[in-house]
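One structure is given below, encoded as structure tokens.
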Ligand SMILES: Cc1cc2nc3c(=O)[nH]c(=O)nc-3n(C[C@H](O)[C@H](O)[C@H](O)COP(=O)(O)O)c2cc1C
């Protein structure tokens, strides 16, 4: 039975981690979400349109000026209930924070209705992740109400070992489910949505336990998370060596965000 009657705009940029995003897309579709994908030109060097079309049953958007896509960047922001960029490159994060709109993803971001959840899941080499430009951009985006997901630590494709790995698909899926729950769009655990936007202090042991569960058990994981209330994965605290430099305009729940 479908549990999430939500329209998800899933955007991929040029990272080797694109393959992991496919698991998340597949899971969302299986759970009842209508998922449309947008790719940067460079994302197509890591993943094929056919894969995304096969998973979502929708054509992939990339070119703002393509006939079919004219004004779609506006239509999609109206259609979507939630947007995510996964994986989000250093390039797109820095571009968004600078207010640039020179491709489909960045133009759509500028047309974003701030009342709707917008998530970014960074994926990059540890030095790119630690770079002052990237860190400042993450802070700016958070200040605008974007939910910046943390990253994992460990082996990186370039051979480095450190922060900047894309979170595991299950963790990203859970973050999306939590955001949908806050909007009241998930049909499971909808009670108590009000106020759920406030993150609770993270509990490392609970987090490790949750992280240990497999993606194949995603359905059950989502249900458990929904039953146990909002999940703060704590990934951000874990992986930002210094807190994200959030502007003084940072707000703490979506009601305040909308007012701000
Ligand atoms: C093999 C390979 C892997 C890459 N992986 C990443 C990555 O994980 N994160 C990142 O920020 N950039 C990565 N890059 C660099 C980006 O693809 C590059 O900055 C590109 O301009 C990003 O464009 P986009 O943000 O429009 O997709 C990688 C490049 C190559 C060749």
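Of the helices (runs of 4 or more DSSP H) that lie entirely inside region 40-116, those containing 1 or more residues that are modelled with pLDDT of 95 or more, within 13 Å of the ligand (Cβ to nearest atom) and closer than 18 Å to residue 141 by Cα span 90-97, 104-110.
For the structure I just gave you, tell me whether residue 75 is out of contact with any helix residue (DSSP H, G or I) (no Cβ under 7 Å at 6 or more places or on another chain) and surrounded by fewer than 16 Cβ atoms within 10 Å (Cβ to Cβ). When the stated conditions are applied, residue 75 passes them. With respect to the conditions (1) modelled with pLDDT of 95 or more; (2) surrounded by 14 or more Cβ atoms within 10 Å (Cβ to Cβ); (3) more than 15 Å from the ligand (Cβ to nearest atom), residue 37 falls short on a single one, namely (3). For region 59-80, the set of residues classified as within 21 Å of residue 22 (Cβ to Cβ) and touching a residue at least 24 places away in the same chain (Cβ under 8 Å) consists of 61, 62, 76, 80, listed by residue number.
Please specify each residue of region 149-161 satisfying the condition of being surrounded by 18 or more Cβ atoms within 10 Å (Cβ to Cβ) and modelled with pLDDT under 85. Matches in region 149-161: 156 only. In region 120-139, the qualifying residues are those that are more than 12 Å from the ligand (Cβ to nearest atom) and surrounded by fewer than 21 Cβ atoms within 10 Å (Cβ to Cβ), and the one that is nearest to residue 164 (Cα to Cα) is 130. Among the criteria (1) more than 13 Å from the chain's Cα centre (by Cα); (2) part of a loop (DSSP other than H, G, I, E, B), the one residue 145 does not fulfil is (1).
Take residue 232 and tell me if it is in contact with a strand residue (DSSP E or B) (Cβ under 7 Å, 6 or more places away or on another chain) and modelled with pLDDT under 50. Give the steps one after another, and end with the answer.
Numbers: in contact with a strand residue (DSSP E or B) (Cβ under 7 Å, 6 or more places away or on another chain): no; modelled with pLDDT under 50: yes.
When the stated conditions are applied, residue 232 does not pass them.
Within region 11-24, is even one residue in contact with a helix residue (DSSP H, G or I) (Cβ under 9 Å, 6 or more places away or on another chain), farther than 26 Å from residue 152 by Cβ and within 15 Å of the ligand (Cβ to nearest atom)? The answer is no, given that none of the residues of region 11-24 is in contact with a helix residue (DSSP H, G or I) (Cβ under 9 Å, 6 or more places away or on another chain), farther than 26 Å from residue 152 by Cβ and within 15 Å of the ligand (Cβ to nearest atom). Pairs linking a residue in region 8-30 that is under 13 Å from residue 46 (Cα atoms) to a residue that is within 11 Å of the ligand (Cβ to nearest atom) and modelled with pLDDT under 95, with Cβ atoms under 8 Å and 6 or more positions apart or on different chains, are 16/157.
The values are calculated or read from the model by the stated rules, or taken from the named source; none is laboratory data. On a predicted model such as this, the values are computed, not experimentally measured, just so you know. When we count neighbours, we look across all protein chains shown, and the Cβ atoms used for this are built from the backbone with ideal geometry, even at glycine.
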